[in-house]
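*Asks:* Here's a structure for you.
The values are calculated or read from the model by the stated rules, or taken from the named source; none is laboratory data. On a predicted model such as this, the values are computed, not experimentally measured, just so you know. Cβ atoms come from the backbone with ideal geometry, glycine included; neighbour counts cover every protein chain shown.
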Amino acid sequence: MSSADCLVVGHRGFKSKFTENTLHGFQKCFDTGATIFETDVWTTKDEVLVISHDVNTKRVFCDENGNETDYNILETNFEQLKPLRTIGSGEPLLTFQDVLRWFCQVVKETANPNHKIMLDLKNANPPKLVRLLFEDMLAVHADLEWWFPRIQIGVWNLRFVKFLNQDDYFQRLFRGTNAYLGYTCFHIYHISLSWQSSLTFLAYNEYLDTLGKDRIKFKIAGVSLIYVSTWSREFLEDFMPAVKKQNLNLYTWTVNRVSQLRYFCAIGKVWKLKEYGVITDYPDQIVDALAGERWKNAEKQLLMESWPSGEQQNVVIPRSFMLFAWIAKIMTYFFHPAQLSVNQLFESPVLPHEKLYVRPKLGNRIFAFLQAWGVF
């Protein structure tokens, strides 16, 4: 496996150059050669799935007259949100079905089997959102298997995965489905600010293996980590063996520098991961970097000769990475998404309509500021 196998995912489409979470941005992402774009999903009060990073419309959307808006998507019916437009570019607030219909047309026109949509199911959403996802897919293209290789589902909280395994609706929906292009189901990812949190999801995979064989099991297929959480010896020595043991995929976000890309590709190569990729605001630059002639030599600088076992190479962590990883570890305390303690109990029932209230925290703003200035 070489660094060219690293997949490139456009963050909210092509966030650095085009308005986030718009069809124009998604298309421009694909135009760079990236094969995946990442986007964010919320459910409205009346259960219409819409595309927005924030639960509040104030930062991105204005009304049809250009006035500021201040809607909480979870508490607002879609008819009130339908007229909203992106500030500046005037593009509509998209529904999930809007994106799916556009995506189907792209697949038809390009015949590219590698195009995918990576979904970020925001933490405060109720678990029932996953059922709404599948209903929307079937409403647009009534072949669930066709969607298997094309939609990646990212979750922050274990309750979404538990709901998939507990609710009989999903057993009925998926029973009798067949593999399509090598996929037997959707790939589900744990999105996290720390690899330590992902260990709970890996343990849940193992828990599912202990259950009877009469039910379909919905496991995570991989982990999507903030990039600084990979910058430690503990990550390499404690977490990566667990990832390899379960043959999981690995993504990292938001990678906007070649040095960060090079380091992550070294991890993918050393551990011979079957799938790994970076989520970036600059898909054009990352695609070009992976294709560059100087890439191969630069990558070697991050590889030592061997592990003591002689079977694997070790990854060199730049000292500057270690410093920022330590800072980020402290900051994580202030803005890690809430997890309900009851969700640590794998057998506890999930409430389908339960929403989480996550208070905005200072750490979010600090980290966004530092990243914007290139500190991370």
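*Asks:* When segment 3-51 is examined, which residues are found to be polar (S, T, N, Q) and closer than 14 Å to L93 by Cβ?
*Replies:* Listed by number, the residues that qualify are T19, N21, T22, T39, T43, T44.
*Asks:* Right, another one. Mind telling me which of the residues L119, L132, L100 ends up being touching a residue at least 12 places away in the same chain (Cβ under 8 Å), assigned to a strand (DSSP E or B) and farther than 23 Å from L345 by Cβ?
*Replies:* L119
*Asks:* Do we find that N114 is under 29 Å from P149 (Cβ atoms), within 20 Å of the chain's Cα centre (by Cα) and modelled with pLDDT under 95 in this structure?
*Replies:* For N114, the condition - under 29 Å from P149 (Cβ atoms), within 20 Å of the chain's Cα centre (by Cα) and modelled with pLDDT under 95 - is not met.
*Asks:* Still on this structure: Which ones in segment 183-223 are free of Cβ contacts under 8 Å to residues at least 40 places away in the same chain, out of contact with any helix residue (DSSP H, G or I) (no Cβ under 7 Å at 6 or more places or on another chain), of a type in the set (V, I, T) and surrounded by 15 or more Cβ atoms within 10 Å (Cβ to Cβ)?
*Replies:* Those that are free of Cβ contacts under 8 Å to residues at least 40 places away in the same chain, out of contact with any helix residue (DSSP H, G or I) (no Cβ under 7 Å at 6 or more places or on another chain), of a type in the set (V, I, T) and surrounded by 15 or more Cβ atoms within 10 Å (Cβ to Cβ): none in segment 183-223.
*Asks:* Go through segment 17-40 and count every residue that is crowded, with 18+ Cβ neighbours inside 10 Å and part of a loop (DSSP other than H, G, I, E, B).
*Replies:* 8
*Asks:* Taking the conditions exactly as written (out of contact with any strand residue (DSSP E or B) (no Cβ under 9 Å at 6 or more places or on another chain), surrounded by 13 or more Cβ atoms within 10 Å (Cβ to Cβ) and closer than 21 Å to H187 by Cβ), does F96 satisfy them or not? Even if it seems obvious, please write down each step before you answer.
*Replies:* Working: out of contact with any strand residue (DSSP E or B) (no Cβ under 9 Å at 6 or more places or on another chain): no; surrounded by 13 or more Cβ atoms within 10 Å (Cβ to Cβ): yes; closer than 21 Å to H187 by Cβ: yes.
Answer is no for this residue.
*Asks:* Please enumerate the residues belonging to segment 277-288 that are crowded, with 21+ Cβ neighbours inside 10 Å and in a helix (DSSP H, G or I).
*Replies:* P283, I286
*Asks:* Restricting attention to segment 253-276, does a residue exist that is among the aromatic types (F, W, Y), in contact with a Gly (Cβ under 9 Å, 6 or more places away or on another chain) and not in a helix (DSSP H, G or I)?
*Replies:* yes
Conditions tested, residue by residue: (1) of a type outside the set (D, E); (2) in a loop (DSSP other than H, G, I, E, B).
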position: G10; (1), (2): yes, no
position: K45; (1), (2): yes, yes
position: K58; (1), (2): yes, yes
position: E64; (1), (2): no, yes
